[in-house]
1. Considering Cα pairs under 8 angstrom that are at least six residues apart, work out the relative contact order of the chain and quote it in whole percent.
2. Where nothing but the Cβ of Lys and Arg (+1) and of Asp and Glu (-1) is charged, how large is the charge dipole of region 75-162 around its Cα centre, in debye to the nearest 20?
3. Sort Thr130, Thr241 by Cβ crowding within 10 Å, fewest neighbours at the top.
4. Compute the signed sum of charges (Lys and Arg +1, Asp and Glu -1) over the other residues within less than 12 Å, Cβ to Cβ, of Val295.
5. So, with +1 on the Cβ of K and R and -1 on the Cβ of D and E, and no other charges, what is the size of the charge dipole of the chain about its Cα centre, to the nearest 20 debye?
6. Going by how many other beta carbons lie within 10 Å of each one, how would you line up Tyr121, Tyr257, fewest first?
7. Kindly put Lys50, Lys176 in sequence by how many other C-beta atoms sit within 10 Å of each C-beta, fewest to most.
8. Karplus couplings for region 59-70 from phi (6.51 cos²θ - 1.76 cosθ + 1.60, θ = phi - 60°), rounded to Hz, Gly and Pro as x?
Amino acid sequence: MCERTVTAVRGRNRIYTAAAAALLLFAGACGAVREAEKSVFAMDTVVTVKAYGDRCGEAVNAAADRLTELERRLSATDADSDIGRLNAAGSAAVSGDTAEVVSRALELCGSTDGALDITIYPVVRAWGFTTGEYRVPSDDELAAALGMTGYGSVSVNGGTVSVPPGRMLDLGACAKGYASGEMLKAMSELGITSALVNIGGNVHALGSKPDGTDWTVGIADPFSPNELLGKLKISGCAVVTSGGYQRYFKDDAGNVYIHIIDPATGRPADSGLVSVTVIGGDGLLCDALSTALFVMGRERAEAYLRGHGGFDMILVTDGGVIAVTEGIADSFENVSGMPVEIIYE
């Protein structure tokens, strides 16, 4: 069964440990099998990698090195990265990794009808989510920022990516998912068959636990992020959650503004969903869709699933309903008390 989810839960100035709570579920899983674990700070979050087997120590170091390499290429805030140079110059020769992520992201921008838009960076910056200096931009500011977006204007020609003047790319909705898959590849090349990567709540597993059983991963309750919504039994896939509770700010009147921006309006998404978890074998796909489906809302998310397939999902509505796709229903244990509905394909 494909693997399920954890969520990194960000408030205004803190990182909650729903992911850590999930990791506690793995305690005692290894027995006498050799294991290694390494934690680093990368991609603006805490990253933990675990590996089991004879070369586990070498493997976690290789995974961490691969992560560092990818961050240097994909970061939108590093002026020397591929994306930093592209945003500054409008066109840049980029690494194979960057060209691949941009190309695949553009395909998903198209298939989601713009619910994912990797050119949304000027709008996100206007809200202060790139710097932590949160503010509510004026209507004129938003209109100007939206005028600098549009994924259809991005081109990839071999190893060169180009954007029109004023356009800026941000691969934040895809980079972690791509990185987790590449980290697992690095460990697999060393003969590792059981490993787990957690990039700030993006969980990606290589195989099952060393004893052959599924991993158990906890999903944070979006209404009470320090508690669990449910548990999933998973093996060999990625699990990514996006939620409005992860990063947000309040204005003086108490209005809440979440970090997930609807590219159609330039404002925080208001789709009726408070949490979206995507489960599948492709980390980049899960990462990108967790954002896009949140923007779409339940009805459009279900339509997208039926039209494209290739993943499972868990949706939590603002009315307190959990909707779970039939493919993972038997692997999901609801511990929240909220009602569960099955999404049939």
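1. Details: 796 pairs, mean separation 75.5, N = 345.
With pairs under 8 Å counted, the relative contact order is 22 percent.
2. Value, rounded to 20: 80 debye.
3. Fewest to most other Cβ atoms nearby, the residues stand as Thr130, Thr241.
4. Combined, the nearby Lys, Arg, Asp and Glu give -1.
5. On the way: 27 positive and 43 negative charges, 101 e Å.
Charge dipole, the chain, about its Cα centre: 480 debye, nearest 20.
6. Tyr257, Tyr121
7. Values: Lys50 25, Lys176 32.
Result, fewest neighbours first: Lys50, Lys176.
8. 5, 5, 5, 5, 5, 5, 5, 5, 4, 4, 4, 5
Bear in mind these aren't lab numbers, they're just calculated from the coordinates by the rules spelled out. Just so it is clear, the model here is predicted, and its values are computed rather than measured. In this analysis, Cβ positions are derived from the backbone assuming ideal geometry, glycine residues included, and neighbour counts consider all displayed protein chains.
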